[in-house]
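Visitor: Have a look at this one.
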Amino acid sequence: MPAERLQKIIAAAGVASRRKAEELISSGRVLVNGQVVTELGTKADPEHDHIRVDGKLLQGPERYTYVVLNKPKGYVTTVSDEKKRPTVMDLLQNVKGQRVKGRVYPVGRLDWASEGLLLMTNDGALANALMKASSNVAKTYVVKVAGQPDEAKLDKLRRGVSIAEKGGRRVRTAPARIRLIREGDNPWLEVTIIEGRNRQVRKMFEEVGHHVEKIRRVQYGPLALDVPPGDWRNLTLLEVAKLKTAASGQKVAPPPSPHIPLRSPKSVHPTRPPRPSQSSRPSRVPKAHTTKPKRA
C-alpha cells in the first residue's frame, strides 16, 4: 500500500477529523515505529508501519457507515455544542437497542428549528462531494409560510432571488421548483433546491415578505424520509451507490414522494400505550345499591 499523509491515516481510522489529527501530530502525541512525529507532511504506510496515538495502536481504516436520521426540532446539527444544547449525536446513542457503528458526522446542516432528513457518515470523500455546488444534488422541503404568497412571488423564487450570506455579501440563488401542497391562510409548499446555503429556504421566503414557520426536509438526492422523528436507519448498499452517483454530478431518478404528515408530533419521546377501547375493557360488575341510614 502506498504511503499516505499521517493525518489522513488517523482520520480514516476514526480517531479524529483531519484537522484534529494535525493538532495531535503537532503536539507530539503520535508515534510512528516508536518515534515521535511532529511534522505535518510526514507519510506512513498503515499496513507496515506501527502508528500510535496517545499510546494506542491504530487498527487500520474504519469501515464506512451511512445513516439517515429524521432530525426533530430542538437539536443542533453539530458533533458537540459549547452551549450544551442537544445535538443530533444524542439521537444516535441508542434506538431500539441499537447504536451507530463508527464515528459519523452530519453531511450539511439543518438549523435548530428545522426538521427532517439528515445524512450522517464517516465517508469524508462522499460527504465533500455531496456538499459541492457542482454536484447539484436536489434537496426537497415541505415549508409552512405565514401569509399567502401570490404567484408572482412564487415565480420570483423559482427564478432565483438575492439573499444575504454571513458577512453581508449577497448571492443569487439557483432556480428552484415550488408547488402548493396545501392551501390556507398559512399554506404549505414543496420546495426543491440544488444548493445548500445556510438557512437558504428561510432567507428566500423572507426576501418576498413571508416568514417560514415550519420546514422539514423530506428528500435528499435519491433518499426519501422514511423513519419516525428522532429515529435513524442504516442505508442499503443500493442507496449508497445511488448517492455516490448523484455526488458525481450524474442524474439519479428521484425516489417516490413519501407520504409526510404536515403536522409533526410534539415529542420524540416514547408515548404511553393507547387506552383500551370501550368494547375491549372488561365489564364492571355493578355494585349493590345501598342507602345510608338517616341521622336521628
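Visitor: If R0 is 35 Å, what FRET efficiency do you get for residue 245 and residue 78 from their C-beta distance, rounded to 0.05?
Guide: Numbers: r = 28 Å, r/R0 = 0.81.
In this case the efficiency is close to 0.80.
Visitor: Moving on to the next point. May I ask for the distance between the Cα centers of the stretch 141-163 and the stretch 1-48, given as a whole number of Å?
Guide: Cα centroid to Cα centroid, the span is 49 Å.
Visitor: What FRET efficiency do you get for residue 156 and residue 33 if R0 is 41 Å and r is their Cβ-Cβ distance, rounded to the nearest 0.05?
Guide: The formula returns an efficiency of 0.05 here.
Visitor: Take each of the peptides 211-220, 189-198, average the number of other beta-carbon atoms within 10 Å over its residues, and list them starting from the highest. Could you put the intermediate results ahead of the total?
Guide: Values: 211-220: 20.6, 189-198: 17.7.
Output ranking for 211-220, 189-198: 211-220, 189-198.
Visitor: Another one. Pairs 8/83; 73/156; 101/244; 20/101; 144/251; 71/242: which are spaced more than 27 Å apart, C-alpha to C-alpha? Write out the running numbers ahead of the final one.
Guide: On the way: 8/83 30 Å; 73/156 29 Å; 101/244 21 Å; 20/101 21 Å; 144/251 29 Å; 71/242 22 Å.
In this structure, 8/83; 73/156; 144/251 exceed 27 Å between Cα atoms.
Visitor: Using 10 Å bins from zero, what percent of all Cα-Cα pairs in the stretch 4-57 falls into each bin?
Guide: For the stretch 4-57, the pair-distance distribution reads 29, 67, 4.
Visitor: Another one. Whose amide H sits under 5 Å from the amide H of residue 66, counting only residues 5 or more places off or on another chain, with H placed in the peptide plane?
Guide: Close amide H contacts, sequence-distant or interchain: 235.
Visitor: When the Karplus curve 6.51 cos²θ - 1.76 cosθ + 1.60 is applied with θ = phi - 60°, which whole-Hz ³J(HN,Hα) does each residue of the stretch 127-132 get, with x for Gly and Pro?
Guide: So the Karplus estimates, Gly and Pro as x, are 4, 5, 5, 5, 8, 5 Hz.
Visitor: Ok, one more. Please sort by residue number the trypsin sites (Lys or Arg not before Pro) in the stretch 116-175 whose DSSP state is loop and whose Cβ has at most 14 other Cβ atoms within 10 Å.
Guide: Working: sites: 132, 139, 144, 153, 156, 158, 159, 166, 169, 170, 172; in loops: 132, 166, 169.
Filter output for the stretch 116-175: 132, 166, 169.
Visitor: Any chance you could list the semi-axes, whole Å, largest first, of the equivalent ellipsoid that the Cα gyration tensor gives for the stretch 128-256, using √(5λ)?
Guide: Working: eigenvalues 137, 68, 33 Å².
Values for the stretch 128-256, descending: 26, 18, 13 Å.
Rule-based calculations on the coordinates, nothing more; no lab input. Everything numeric in this text was worked out from a predicted model, so none of it was measured. A quick note on method: Cβ atoms are made from the backbone with ideal geometry, for glycine too, and the neighbour counts reach across all protein chains shown.
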